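Every read-out reported here was derived from the displayed coordinates using simple, explicitly stated rules and does not represent laboratory data. Note that this is a predicted model, so its numbers are computed, not measured. Because the Cβ atoms are built from the backbone with ideal geometry, glycine has one as well, and the counts that use them run over all protein chains shown.
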């Protein structure tokens with residue numbers, strides 16, 4: 001049975017107890033203002049005003065807008081490393097509180113980002129959706145190569161029609177030598193050859209159209225110790 005993890009928020013603010021030392025040290029900018037240095041890339045547009053996002057400690061809140069990539073140019077990694085991000089998907093229908101207009105588009109992480117402001121941007125996404133699926137894909141310019149096609153997994157927490165609080169999902173990627181392992185909620189869901197992924201580069205968020213998301217961390221560090 002698919003499970004749903006949720007967190008009750010007041011005015012979109014996540015409880016401070018969730019803050020981790022890594023996330024705290026990496027977050028910059030004034031609370032409820034646009035984060036310093038971050039960039040946003042859109043389909044067919046470079047207008048940053050099209051998608052509002054702000055520092056909302058702990059983490060950031062991304063409001064409804066066009067499909068986009070969001071990243072801090074100083075947040076990148078190469079070689080062996082691990083990334084962990086906790087993301088809350090807000091229910092549709094409460095624009096005053098969360099800015100959400102839909103919940104049916106994918107969201108997650110991107111890794112190995114290069115030339116993100118150019119015509120031949122390259123990156124790999126690890127995304128989930130509110131149907132309870134995940135996908136891993138390589139993006140090169142306008143081309144998308146599915147490395148793991150959309151696959152149902154009970155570890156993906158989803159919102160049902162009556163949901164009034166956000167659903168929590170924890171995504172992790174462990175780039176470990178010859179293999180890269182992808183996790184949802186601490187459970188391994190895919191294992192791919194690292195040399196086929198080429199995950200050296202920028203790390204950030206992939207946010208689907210119309211979604212309201214709160215991200216408490218994008219923690220980059222050493223490999224998981226349980227492997």
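Please rank 189, 156, fewest neighbouring Cβ atoms within 10 Å first, as an exposure proxy. Write out the running numbers ahead of the final one.
Working: 189 20, 156 23.
If I rank by nearby Cβ atoms, fewest first, I get 189, 156.
Can you sort 164, 101 by how many other beta carbons sit within 10 Å, fewest first?
Working: 164 12, 101 15.
Result, fewest neighbours first: 164, 101.
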For the residues 92, 39, what sequence is obtained by ranking on other C-beta atoms within 10 Å, fewest first? 39, 92
Compute the FRET efficiency between residue 39 and residue 187 as 1/(1 + (r/R0)^6), taking r as their Cβ-Cβ distance and R0 = 35 Å, and round to the nearest 0.05. 0.65
Relative contact order (%) - region 16-221, alpha-carbon pairs under 8 angstrom, separation at least six: 30
Sort 213-222, 73-82, 199-208, 110-119 for me by packing, meaning the mean count of neighbouring Cβ atoms within 10 Å per residue, highest on top. 199-208, 213-222, 110-119, 73-82
If you bin the C-alpha pair distances of region 16-221 every 10 Å from 0, what whole percents do you get? 9, 38, 40, 13, 0
Pop the C-beta distance of residue 54 and residue 196 into the FRET formula with R0 = 41 Å and round what comes out to the nearest 0.05. 0.65
